[in-house]
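This report concerns only the one structure given below.
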Amino acid sequence: MSLVVTPGLPGHWDERYARAPVAGRRRWIDLGSVWYPGELSAIEASDASLAIVGTVLDEPVAAARRCPWAICSGAMADQGFAAEGPHPWSGLGPDHVFPCLFLMFPYYLGDIVGSDAKDPRALDAFIADCERWALARGCRSVAYMYGTAPVEQDAALARAGYDRVTITQRSELSVTWSDWDGYLAFLSAKRRGRIRKEMAELEQDGVVLAQEPVPEDIGELVELRCNLLRKYGALRSVDDEAAMVERVVSLRPADDLTVMTARRGGALGSYALFVRDGRQWTPILAGSDYAPEHRHGYFATVFYLPVSVAGQHGVEVIDFGAGAVQAKRLRGCAVSDLVAHVRRLI
C-alpha cells in the first residue's frame, strides 16, 4: 500500500467515502476547515480503500483543545480534556513532539474512513504508510485526535505502539418516539417532572417555541451567539463569529437547515440551528440573551423542541457532540468516549 496526499479535498471525496460519518463529509470538512490547525490535506491509500485528513503541525496550536501536545501532556486536564489521563507526553517540551502529523476531520472526528476501515491488514498498512510519510517530512510524532474508537482501528493503533488517551466524551440521542409525550415517557419520572416544570415556566413567561427557516438578516443570530460565547469566556471576536454564522447559513441545500427559536413578544431570546444529513440532525449554532424572562430558552431550543419534533421529520439520531455531558445524559443521550492515539516516531 502507498499514499496519495492531496492539498484540500479531491473531487471524488464524497463519492468514494460515502459511508463516512457526517463529520467526514465534504460540506462539514469545508465548513470547519477555517478552524483546522494548519493546511488540510486528504491522505488516502492509493486504492482509495482508506482515508483521513491531516496536516503537519510545526508548533503547538493556539486553540489548545485541538493541540495534541497540550492534551497529551496534561496541560488541558484542569479544563476537562484528558482529565483522567494517561498523559504520555507529560514532561515533554514541544520540541520533543513537533513537527507532528495531526490527523483529524475539522469537526472533531479522528477515525480512518473507507471500505477497508474494518480490515486489520489494511489498517496496519495504512498506519505504517502514514508514519513513513510523516518521517519523510521530518515529523517527530503522529496524533490521531478525537477518534470514536472503533474496535478495529483501536486494535490496529495499539499494535502499532500508539498510546491511547481519553480526551472527553460525546453525546448522541437515538430518537425512538414520534412526539413530545413519547419523549417524556422515555425518561425517569423525576426527570419528566423537572422538564414539565421548565416548560410550564416558559409558558408562564410568555415564551413561544417554533421551527423557522434561516432568516435573511442574521444579525440576531450573531448577537445571541456572541452572548453565549461571552458567557463562557470563549468569544474571540464578533467579526469571526459573524463570518461563521454566514458560512453556516450559506450551506446548501437550504432545506437542510432548521432554526429552533424561543421568542417572547416576538423578540428572539434563544435559538439553535440544526443541520440535517439524511436521518441525522446536528446542532451547529446556538445563542441566548440569558435575561431572566428567557430562562430555560437555551435548553428549550437546543434540546426540548428538536427532540419533540425529530420523529415527525424522520430524524433518527441527534448528535449533541461534546460538552455538558451530564446534562445531556440526564435528558436521554448515550455517552461515548472521544480518544486520541499518539506516538513519538523519533
Under Karplus coefficients 6.51, -1.76 and 1.60, residue-wise ³J(HN,Hα) of region 171-183 in Hz, glycine/proline x: 10, 9, 10, 8, 8, 10, 10, 10, 8, 4, 5, x, 5
Rounded to whole Hz, the Karplus (6.51, -1.76, 1.60) HN-Hα couplings of region 152-167, x for glycine and proline: 5, 6, 4, 5, 5, 5, 5, 4, 7, x, 7, 7, 9, 10, 7, 7
Interchain or long-range residues, amide H under 5 Å from ARG295's placed H: none
12 Å reach of a label modelled at ALA234, 7 Å along Cα-to-Cβ, counting backbone N of region 284-299: 284-287
Residues whose placed amide H lies under 5 Å from that of GLN169, excluding near-sequence neighbours: GLY323, LEU338
0 to 90° range, to nearest 10: angle between helix 189-204 axis and the chain longest Cα axis: 60
Helix-only [θ]222 nm of the chain, DSSP H runs n ≥ 4, -39500 (n - 2.57) each, per residue, nearest 500: -8000 deg cm²/dmol
Nearest 10 degrees, 0 to 90: helix 120-136 Cα axis against the chain principal axis: 70
Burial ordering of THR176, THR55, THR301, fewest other beta-carbon atoms within 10 Å first: THR176, THR55, THR301
DSSP-assigned coil residues among trypsin sites (Lys or Arg not before Pro) in region 244-346, each with at most 13 further Cβ atoms within 10 Å: ARG279
Partners for LYS231 among lysines (Cα-Cα distance below 20 Å; same-chain residues under 8 apart left out): LYS328
Proxy reagent accessibility, fewest Cβ within 10 Å first, across THR282, THR261: THR282, THR261
Region 176-315 - Debye-derived log10 I(q)/I(0), Cα point model, q = 0.13 Å⁻¹: -0.58
Efficiency of FRET between SER178 and ASP205 - r from beta-carbon atoms, R0 25 angstrom, step 0.05: 0.35
J(HN,Hα) series, region 336-346, from Karplus relation 6.51 cos²θ - 1.76 cosθ + 1.60, nearest Hz, glycine and proline x: 9, 7, 10, 10, 10, 10, 10, 8, 7, 8, 9
Highest-MSF residue in the chain out of ALA334, ALA324, ALA51 [GNM, Cα springs under 10 Å]: ALA324
TRP180, TRP89 arranged by Cβ crowding within 10 Å, fewest neighbours leading: TRP180, TRP89
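Read the figures in this text as sums done on the coordinates, not as results from a lab. Small disclaimer: the values here were computed from a predicted structure and weren't measured. Here the Cβ is made from the backbone with ideal geometry for all residues, glycine too, and neighbour counts use every protein chain on show.
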